[in-house]
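Asker: Got a structure here, written out as structure tokens. Questions coming.
The values are calculated or read from the model by the stated rules, or taken from the named source; none is laboratory data. Because the structure is predicted, anything quoted here is derived from the model rather than measured. Cβ atoms come from the backbone with ideal geometry, glycine included; neighbour counts cover every protein chain shown.
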Amino acid sequence: MAVYESSDQAAGSQVSVDTSTTTILAAKATRRRVIIRNNDASNPVYLNSAAAATTSHFIVKAGESVEIRTRNDIRGIATGAAVTVHVWEEFD
């Protein structure tokens, strides 16, 4: 069973990541962490922070999640088709 610490404030959203660099979240000085889940059945999403994303950056495969601890913006790019990602952001 996974146990997650919770902050005082959190927000969830969905973002459609296209085949060109898409901003998933803007920079936020009070952010603690972000969890991004690739909700697509087959297409990966590639992530980068504070710069354009390319297919040589961090990959989140279909159905997988990643936790990122950054206050910078988070950008993504999909290959072949737009991909919906679910985003959970915790901040102070």
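Asker: Just to check your reading of the model, which residue among Phe91, Phe58 is of a type in the set (Phe, Trp, Tyr) and farther than 14 Å from Ser13 by Cβ?
Answerer: Working: Phe91 fails: farther than 14 Å from Ser13 by Cβ.
Residue meeting the stated conditions: Phe58.
Asker: Ok, one more. How many residues does the stretch 44-84 contain that are of a type in the set (D, E, K, R) and touching a residue at least 40 places away in the same chain (Cβ under 8 Å)?
Answerer: Taking the stretch 44-84 as the starting set, the residues that turn out to be of a type in the set (D, E, K, R) are 61, 64, 67, 69, 71, 73, 75.
Still in the running and touching a residue at least 40 places away in the same chain (Cβ under 8 Å): 71, 73, 75.
Within the stretch 44-84, residues that are of a type in the set (D, E, K, R) and touching a residue at least 40 places away in the same chain (Cβ under 8 Å) number 3.
Asker: Further question: I'd like to verify a number: residues in the stretch 32-52 that are under 10 Å from the mean Cα position of the chain (by Cα), within 13 Å of Gln14 (Cβ to Cβ) and surrounded by 18 or more Cβ atoms within 10 Å (Cβ to Cβ), how many?
Answerer: Matching residues across the stretch 32-52 total 3.
Asker: Let me ask something else about it. Let me confirm something: among Thr19, Thr30, Thr23, which residue is touching a Gly at 6+ places or on another chain (Cβ under 9 Å), at pLDDT 90 or above, farther than 10 Å from Ile74 by Cα and of a type in the set (Val, Ile, Thr)?
Answerer: Thr19 is the lone residue from the list that is touching a Gly at 6+ places or on another chain (Cβ under 9 Å), at pLDDT 90 or above, farther than 10 Å from Ile74 by Cα and of a type in the set (Val, Ile, Thr).
Asker: Restricting to the stretch 8-23, name every residue that is of a type in the set (Val, Ile, Thr) and without any contact (Cβ under 8 Å) to a residue 60 or more places away in the chain.
Answerer: Within the stretch 8-23, Thr21, Thr22, Thr23 qualify.
Asker: Okay, next question. Taking only the stretch 58-92 into account, find how many residues are modelled with pLDDT under 95, surrounded by fewer than 18 Cβ atoms within 10 Å (Cβ to Cβ), among the charged types (D, E, K, R) and part of a strand (DSSP E or B).
Answerer: Looking only at that region, the number is 0.
Asker: For residues that are of a type in the set (D, E, K, R) and within 12 Å of the chain's Cα centre (by Cα), scanning just the stretch 62-88, find the one that is nearest to Arg32 (Cα to Cα). Working first, answer last.
Answerer: Taking the stretch 62-88 first, the residues of a type in the set (D, E, K, R) are 64, 67, 69, 71, 73, 75.
Applying the additional criterion that residues be within 12 Å of the chain's Cα centre (by Cα) yields 64, 67, 69, 73, 75.
Values: Glu64: 21, Glu67: 11, Arg69: 6, Asp73: 13, Arg75: 17 Å.
Here the answer is Arg69.
Asker: Any idea which of (1) assigned to a loop (DSSP other than H, G, I, E, B); (2) surrounded by fewer than 13 Cβ atoms within 10 Å (Cβ to Cβ); (3) modelled with pLDDT of 95 or more is the one Thr55 doesn't satisfy?
Answerer: Looking at each condition in turn, Thr55 falls short on (3).
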